[in-house]
Amino acid sequence: MKLIAWDFDGTLVDSRPLIEAGMAHALDALGQPRSLMAEWLKYVGLPVETGIQNTFGPLGLEGNRVLQAYRSFGHAEHEYLMKPFPGIPELLDELQARGQRMAIVTSKRRLPLLRQMARWGWEPRFYPIITPDEVTQGKPHPESLEQLQAQTGLTPDDILMVGDTPFDLDMARAAGVPSLAVGHGFYPQEALAACGPRAYAPDTAALRDILLAWSR
C-alpha cells in the first residue's frame, strides 16, 4: 500500500450536521417537507448536483432551483458544525510520521474543501487532491482514481481507497483499486459490504488497526 486515497465527508470529517442544516434550509425555502431529508441523505457521497437531481428530479423540481436554495444557506459561515471524527487527527499524524503517502478523492468542490482543510492544517498532508473540479465524471465513475494514478504513476494495487459510501467503493472497484469501508459515516455495513471492500472498519480505532497493519 503505497498511497491511501481518502474520501473526506463521512470518512475523515463528520459533516452530517452541516449537510443536514443546509438541506433543511433549502427544503424550507422551497416549501417542501423536511421528510425529504431521508431521501436526500441516500445520495450523500455523490457530487451535490447529482444528489439533488436524483432526489428532486422525480418530484418535478428543477435541479438548479434546489441547488440555489441549498447554497443560499451560507455553508462557509456554518462550517463550525463540522468536526473530524474522534481519533482521526491523531491517526493522520501517526500515518504521516510513518512516511505513509496520502491523497484525497472527494465529491466536494475544491474551494470549500481547501477552506475546510485549512481549519485543521491538513492540506500539506495530502497529494494529490482530486475533486469534481478535476474530472468530467464524478463518483462512482473511476475517473477520479484514474486521475490519481496518472498524477502519481502508481498502479491500482499500489492504492487503497478509504470511504464511507457505496459510491466510494464502487468507484474503487471500477478502477481495480482495493478499498476499505468505514462505518462511522452515512451508510450501514450491509450497504458497504455489497460493494466488495477488502475490509470494514466500524470506527476509528478499527480503522487505525487495519491501516497500521497494512502500512508496514
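Structure values in brief
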quantity: R0 of 25 Å, Cβ-Cβ distance ALA24-ARG119: FRET efficiency to nearest 0.05; calculated: 0.65
quantity: Relative contact order (%) - the stretch 16-79, alpha-carbon pairs under 8 angstrom, separation at least six; calculated: 42
quantity: Local electrostatic count, ALA38, Cβ distance below 15 Å [Lys/Arg +1, Asp/Glu -1]; calculated: +1
quantity: Segment ALA150-MET1, length gained on full extension (0.36 nm per residue, minus Cα span); calculated: 52.0 nm
quantity: Alpha-carbon Rg/Rh ratio, for the chain, with Rh computed the Kirkwood way; calculated: 0.96
quantity: Amide H contacts of ALA103 (H built 1.01 Å from N, under 5 Å, at least 5 apart or other chain); calculated: ILE4, ALA5, TRP6, TYR127
quantity: Net length gained if the chain between ALA205 and ARG98 were fully extended (0.36 nm per residue, minus Cα distance); calculated: 36.8 nm
quantity: Residues in the stretch 187-206 that a label on ASN54 would reach, taking backbone N under 17 Å of a point 7 Å out along Cα→Cβ; calculated: 187-196
quantity: Shape of the stretch 16-79, Cα gyration tensor, a/c cut at 1.5; calculated: rounded
quantity: Taking VAL182, VAL177, VAL44 and counting other C-beta atoms within 10 Å, the order from fewest to most; calculated: VAL44, VAL177, VAL182
quantity: Mean-position separation - Cα centroids, the stretch 81-142 and the stretch 1-68, in angstrom; calculated: 19
quantity: Per-residue [θ]222 nm for the chain (sum of -39500 (n - 2.57) over DSSP H runs n ≥ 4, rounded to 500); calculated: -12500 deg cm²/dmol
quantity: Proximal charge balance of LYS2 [Cβ under 12 Å; K/R count +1, D/E count -1]; calculated: -1
quantity: The stretch 62-171: Rg to Rh, with Rh as the Kirkwood radius over Cα pairs; calculated: 0.98
quantity: Estimated vicinal HN-Hα couplings, Hz - the stretch 32-45 in sequence order (Karplus 6.51, -1.76, 1.60; Gly, Pro = x); calculated: 9, x, 5, 4, 6, 4, 4, 5, 4, 5, 5, 10, 5, x
quantity: Using θ = phi - 60° and Karplus 6.51 cos²θ - 1.76 cosθ + 1.60, couplings along the stretch 184-192 (whole Hz; Gly, Pro as x); calculated: 8, x, 9, 10, x, 4, 4, 5, 6
quantity: Under Karplus coefficients 6.51, -1.76 and 1.60, residue-wise ³J(HN,Hα) of the stretch 7-18 in Hz, glycine/proline x; calculated: 6, 10, 5, x, 10, 8, 10, 7, 9, 4, x, 6
quantity: Inter-site label distance for ASP158 and HIS78 at 7 Å from Cα along Cβ, in nm; calculated: 4.1
quantity: Net charge of neighbours whose Cβ lies under 13 Å from the Cβ of ALA118, counting Lys and Arg as +1 and Asp and Glu as -1; calculated: +2
quantity: Per-residue Cβ neighbour rank within 10 angstrom, fewest leading, LEU169, LEU92, LEU192, LEU30; calculated: LEU30, LEU92, LEU192, LEU169
quantity: Förster-model FRET efficiency, 22 Å R0, ALA193 and HIS141, C-beta, rounded to 0.05; calculated: 0.50
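No value in this document is a laboratory result; all are computed from the given coordinates. Quantities reported herein were computed from a predicted structural model and do not represent experimental measurements. Every residue, glycine among them, receives a Cβ derived from its backbone with ideal geometry; neighbour counts consider all protein chains shown.
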